[in-house]
Amino acid sequence: MAVPPNVNVAIPVPGVLDAAASASGSTWERELVRNCQKGDPEAFRALVVRHQRKAYGVALGIVKDRDLAWDVAQDAFLRVWQHADRWRPEGGRFTTWLYRVVVNAATLVVVRTAMSVVSNAPTCVADRPLSCVALRFLTWVLVSAVTCEVVRLLSTVVVTLPSWVAVSAA
């Protein structure tokens, strides 16, 4: 399922967010997600408007690049639209699921970036076996450092999430 046509997520839906302010946030949000699961583009738009800044902030905390963070957030929302049927209210809050999607998308970007650095590393020189050992060691150090950084960043992101966002290690 592609992003709904003619949905400009940068412009709030008039009246929808106002109605949400008077309703219970979680009840209103559950209803939006249910409508999104039925393919309602306006419900999806309202969810994006409501959560895009936080999703961007979570992504930025991991990828450390503003433009890339927006791309990650957009990719996460695209995944939410495509897989809205996977969210179940009994499994936790929608925001918990959304932020997990954002963290997964951002982590994937970081890992792919690290792997492209490793795959673009110079190859070993046959007549210099020591260069092969050094190159393999440096590659291992780089991958280990990136892995440690991803774990550290994820820990930071989880700590900075509001206390009402339950994060599970699923």
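The values are calculated or read from the model by the stated rules, or taken from the named source; none is laboratory data. Everything quoted here is computed from the prediction, not taken from an experiment. Counting neighbours? That spans all protein chains shown, and the Cβs are built from the backbone with ideal geometry, glycine included. Ligands, DNA and RNA are excluded from the accessible area calculation, which covers all protein heavy atoms including side chains. Shrake-Rupley method; radii C 1.70, N 1.55, O 1.52, S 1.80 Å.
Tell me, what HN-Hα J-couplings in whole Hz come from the Karplus equation 6.51 cos²θ - 1.76 cosθ + 1.60 at θ = phi - 60° for each residue of the range 59-66, using x for Gly and Pro?
Here the 3J(HN,Hα) series is 5, 4, x, 9, 8, 6, 9, 4 Hz.
Quick one: pull the percent of accessible area on the range 49-110 belonging to carbon and sulfur, 1.4 Å probe, ligands and nucleic acids left out.
47 percent
Return the distance in nm (one decimal) between the two label points of a simple spin-label model at ASP71 and GLU31, each offset 7 Å from Cα along Cα→Cβ.
So the label points at ASP71 and GLU31 sit 3.8 nm apart.
Between LEU78 and GLU42, 0.36 nm times their residue separation minus their Cα-Cα distance comes to what?
Between LEU78 and GLU42, full extension yields an extra 11.5 nm.
Kindly write out, for the range 69-86 in residue order, the coupling ³J(HN,Hα) from the Karplus curve 6.51 cos²θ - 1.76 cosθ + 1.60 (θ = phi - 60°), rounded to whole Hz, with x marking Gly and Pro.
5, 5, 4, 5, 4, 5, 4, 4, 5, 4, 5, 4, 4, 5, 10, 4, 5, 7
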